[in-house]
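Read through the structure below, which is laid out as C-alpha cells, and then see the notes.
Readers should treat all values here as calculations from the given coordinates under stated rules, not as data from a laboratory. It should be emphasised that the depicted structure is a prediction, and the values quoted were computed from it without experimental measurement. We place every Cβ from the backbone using ideal geometry, glycine too, and count neighbours over all the protein chains shown.
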Amino acid sequence: MSVSESLPILHGANISPYVRKVRVVLAYKGIEYNNTQQSPFGAPKEFVAKSPLSKIPCWEEGELVLPDSSVIVSYLEYRYPAPPLLPTQAGPRARALWFQEYAATKLRDTVADVFFQRIIRPTALNQETDAQRVAYLLEFALPEVFDYLTGCLGNDEFMVGGAFSIADIAIASPFVNFALAGGVVDMDRWPEFASYIQRVHLQPCYAPIVKADLEGVFARLRPEASDRPK
C-alpha cells in the first residue's frame, strides 16, 4: 500500500486483536489507508491526545479521530456500506454486534489473555508470566468459551445467518494471538469451532493479514510447544 498524506491513518500495533479487526474490515471493503505502529504502553502524549484512554486502534481522517475499534468499524460500515459486514435485518444485525462485544470483552479476558500473560508481560512490561492464571485459562475458562461459541455456531458456516460478518472478524482476531502464544483449539474436542476459526482466517480479506502476523516479524515470539485447553 502506497503512503499518501491524503489517506486516513490507522494508529496501532498490528499485533493487537483490535487493530487486526479493523485491518480486516478495511481489506474487506477495499479502503486505502496509512498505518502507524503505535503501542498502547507508554504512548507519547501526542497519541494520548488523540486516544485519551491510550487505546488502540485509533482512526484519524482529517479532523475526525475515533479511538475505539468498534466505533471505527461502525463508522466504516456506515460510510462504506458495500460490501456489507452487518446483516440488514434487525435481529441478525443485533446478534452480530453482540458477538463483536463478546470478542472485545470475554475473548479479551480469556483467549487474548494467554498471549498477554506469555508474551506481553515478559517482553513489553518486564513482568513474569502468571503461570497459575494461564493454567486456569487453559483448563477452565477457555473450554467454557469454546463450548459457548460452538453452540452458537451450530451447523452454520459462519456465526450469524450463515454469512460472513463483523461477528466472524471479531471472534477470529484474538485467535491469531492465541496461536502466537502456543495456543491450539483442540480439533478432537471442538471440531466445528476449530474448523470455523480456520475457515474465517482463510477468507481472502483475512488470510494475508493472518500470514503476515504469524510468519512476519512476530514469528519469533511463538513458543516451541503448543498448549491447548484440556
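Quick notes
- Furthest towards positive pole of dipole, ILE31, TYR18, ALA43, structure part the range 1-52, Cβ charges: TYR18
- Where GluC sites (Glu not before Pro) fall in DSSP loop in the range 120-200, at most 15 other Cβ within 10 Å: GLU128, GLU157
- Calculated FRET efficiency for the pair PHE140/GLN37, C-beta based, R₀ 35 Å, to 0.05: 0.50
- Of all DSSP-defined beta bridges confined to the range 9-79, some 65% are antiparallel rather than parallel.
- For LYS106, a cut-off of 22 angstrom between C-alpha atoms picks up these lysines, skipping any fewer than 8 places away in its own chain: LYS21, LYS55, LYS230.
- Length-normalised contact order for the chain - Cα pairs under 8 Å, 6+ apart - percent: 22
- Considering only the chain, percent of DSSP beta bridges that pair antiparallel, nearest 5: 65
- Remark: relative contact order (the range 9-79) = 36 percent; criterion is Cα-Cα distance under 8 angstrom and separation of 6 or more residues.
- Note on ILE56, ILE9: ascending count of other Cβ atoms within 10 Å places them as ILE9, ILE56, the fewest first.
- Alpha carbon centroid spacing (whole Å) that separates the range 19-95 from the range 124-163: 24
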